[in-house]
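The values are calculated or read from the model by the stated rules, or taken from the named source; none is laboratory data. Values in this document were obtained by computation on a predicted structure and should not be read as measured data. Glycine also receives a Cβ, built like all others from the backbone with ideal geometry; neighbour counts cover every protein chain displayed. Heads up: the accessible areas ignore ligands, DNA and RNA and are worked out on the full protein's heavy atoms, side chains in. Shrake-Rupley method; radii C 1.70, N 1.55, O 1.52, S 1.80 Å.
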Amino acid sequence: MLSRTAENLFWIARYVERAETMARLLEVGYRMAMMPSSAQGYRSEWASILAAAGSASGFAGKYGPTPRQGDVEAWLFFDRDNPASVVNCIDHARRNGRAVRTALTSEVWDALNGGWLDLAPMSTQPRSSARLPELCDWTKRLGAQVRGAIEGTLQRREGYDFINLGCFVERSDNTARLIDVKYFVLLPTTDMVGGSVDSYQWTTLLRAVSAYRAFHWAYGGEVTAGKVADFLILNGESPRSLLTSLYEAVWHLDGLVRRYGAEVPASASGRAHETLEQLMARDIEAIFDEGLHEFLSWFINELASISNAVHDDYLSGRM
């Protein structure tokens with residue numbers, strides 16, 4: 001496979017997953033904003049969402065230093081000046097898909113193209129906070145349609161490995177950022193940890209990653225920081241956990257190593273295996289002792305290194 005084709009496939013999945021994460025971040029902010037807040041002990045939930053999305057400086061440059069709900073919604077969903085907005089991510093995914101149209105099945109292309117076509121009328125409708133949950137649900141459904149088409153129709157060849165590798169690298173990064181919104185940026189004063197606001201925020205995070213019911217199946221009724229963090233970081237049965245997502249990325253990297261053998265250096269596979277081993281060596285108590293924010297920062301940096309190694313091994317023209 002041409003490295004250019006591999007890169008297009010890799011980024012189709014990353015952009016679709018990123019669009020879905022922007023929608024999930026907006027959903028977190030929307031639910032958090034419905035909670036009463038005060039000047040003491042809280043950071044602005046919308047400032048927190050911008051920080052987690054990594055676009056606070058870009059937003060401030062266009063809208064000013066004070067994040068207002070309507071402006072944040074526009075920036076993260078519709079704004080063409082934001083490279084990570086939902087609209088831009090879907091547009092980029094579709095462009096990458098069009099570039100490798102012959103490497104995709106008609107079902108995968110129809111899901112990508114159909115989502116892109118839906119955006120035009122949505123962008124012209126009046127914007128209101130009441131529409132935000134509807135927009136978030138639409139984005140999540142589109143992600144499910146694209147993934148379903150990939151799983152149901154794409155041949156299990158190197159293209160399948162590249163597109164899934166992009167999905168799971170991006171999902172690992174995004175889940176870590178979503179957890180960090182809650183624990184580091186939205187964390188209230190320490191005397192409120194374990195209280196009703198803390199519990200509500202963890203519950204909101206579970207709902208945002210479509211894991212509320214699955215969490216209760218796994219851990220019972222009580223929602224605590226330790227249980228939710230364990231479920232979203234180390235639980236191998238949780239489909240969006242860091243462990244599950246990284247394991248899937250390693251699996252597809254190993255598939256590429258088997259396919260290409262000595263043709264590529266396989267540094268990405270080695271780096272991913274090393275990170276996975278370090279993750280599996282931890283338990284949730286050790287992670288909290290280390291500092292959850294510090295751990296998540298380490299993990300996000302590791303994913304960036306893995307992604308760079310993937311580019312060097314496969315996407316830089318060496319294949």
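Values as computed for the structure displayed
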| quantity | calculated |
| --- | --- |
| Those residues of the stretch 108-122 which are under 19 Å from L25 (Cβ atoms) and open to solvent by 20 Å² or more (accessible area, probe 1.4 Å), in sequence order | M122 |
| Leading residue by the ranking (nearest to N8 (Cα to Cα)) among those in the stretch 129-167 that are of a type in the set (K, R) and surrounded by fewer than 19 Cβ atoms within 10 Å (Cβ to Cβ) | R157 |
| Answer residue from the stretch 275-294, given it is part of a helix (DSSP H, G or I) and open to solvent by 70 Å² or more (accessible area, probe 1.4 Å) and is farthest from Y183 (Cα to Cα) among those | E277 |
| Residue tally, condition within 19 Å of Y183 (Cβ to Cβ) and open to solvent by 60 Å² or more (accessible area, probe 1.4 Å), over the stretch 206-226 | 3 |
| Test: A23 is at pLDDT below 95 and open to solvent by less than 10 Å² (accessible area, probe 1.4 Å) | yes |
| Qualifying residues in the stretch 26-44 (those that are modelled with pLDDT under 75 and in contact with a helix residue (DSSP H, G or I) (Cβ under 7 Å, 6 or more places away or on another chain)) - the one most open to solvent (accessible area, probe 1.4 Å) | R43 |
| Subset of the stretch 62-81 [part of a helix (DSSP H, G or I), over 16 Å from L132 (Cα atoms) and not basic (K, R)] | Y63 |
| Among (1) without any contact (Cβ under 8 Å) to a residue 40 or more places away in the chain; (2) assigned to a loop (DSSP other than H, G, I, E, B); (3) open to solvent by less than 60 Å² (accessible area, probe 1.4 Å) - the single one A84 does not satisfy | (1) |
